[in-house]
Amino acid sequence: QDLKSSNQRDEIAAARATLKENSSLLHSICSACLEHSDVASLSASKDSICNEIQNALSVISNASQGVGNKVGQPTSHAATLGSALDELENLIILDPLVVDEEKIRPSLEKRLEAIISGAALLADSSCTRDFHRERIIAECNAIRQALQDLLSEYINNVGNQTFLSFFLFFLMSVSKPTLAYIR
């Protein structure tokens, strides 16, 4: 039966995209779970991805049968380190003319703490070598301090356009290599 409703076609297309994205994640997470069965966050991530895949399959099944899907918030990888890194990367792209310290500082700090707690789980894992554990902790502390210093400097120089351009360039260039190491 052809899908005559554009909503049904859109639902199936979105569900297929979710399946495509999550299938590779599931493979990676399952491999990591087999290798590091003592890491609870890996099991939680695996369960979350399995739930998303099941939801996507339900959406496809319902749409193909013409049954309406329940509208709800899709589950996200909010508890995973990778998603916390992605959220922080998206958040640090700031428009210097509309930055409000009262909004942006807590948001950046919240994302950073999510990353640091995810990295702390990695550092505390029994499979993490001492050298890597110490380096993860040192990098997390360096990132935390750099964010505080940069935000303070940014707020002190909000009217200075040259500084703002430099600040944004510096923030992007420093964050990518440091965050890449933690990943």
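Taken together, the values in this text are just the output of simple stated rules run on the coordinates, not laboratory data. Owing to the predicted nature of the structure, the values given are computational and were not obtained by experimental measurement. A quick note on method: Cβ atoms are made from the backbone with ideal geometry, for glycine too, and the neighbour counts reach across all protein chains shown.
If R0 equals 30 Å, the separation of the Cβ atoms of residue 23 and residue 125 corresponds to a calculated FRET efficiency of about 0.75.
Electrostatic tally near residue 124: other residues with Cβ closer than 13 Å to its Cβ, Lys and Arg +1, Asp and Glu -1, net -1. Length available on full extension from residue 40 to residue 156: 0.36 nm per residue minus the Cα-Cα distance, which gives 37.6 nm.
Mind checking the log10 I(q)/I(0) for the stretch 6-65 at q = 0.12, 0.17, 0.21, 0.26 Å⁻¹? Debye, one equal scatterer per Cα, no solvent, two decimals. Debye curve over Cα of the stretch 6-65, log10 I(q)/I(0) at q = 0.12, 0.17, 0.21, 0.26 Å⁻¹: -0.34, -0.58, -0.74, -0.95. The slack between residue 13 and residue 144, meaning 0.36 nm per residue of separation minus the straight C-alpha distance, is 43.2 nm. Between the C-alpha center of the stretch 124-148 and that of the stretch 7-46 there is a gap of 27 Å.
Residue 40: net charge of surrounding residues, Cβ under 13 Å, Lys/Arg +1, Asp/Glu -1, itself excluded? Write down the numbers at each step before the final one.
Working: positive: 46; negative: 38, 47, 124.
Here the count lands on -2.
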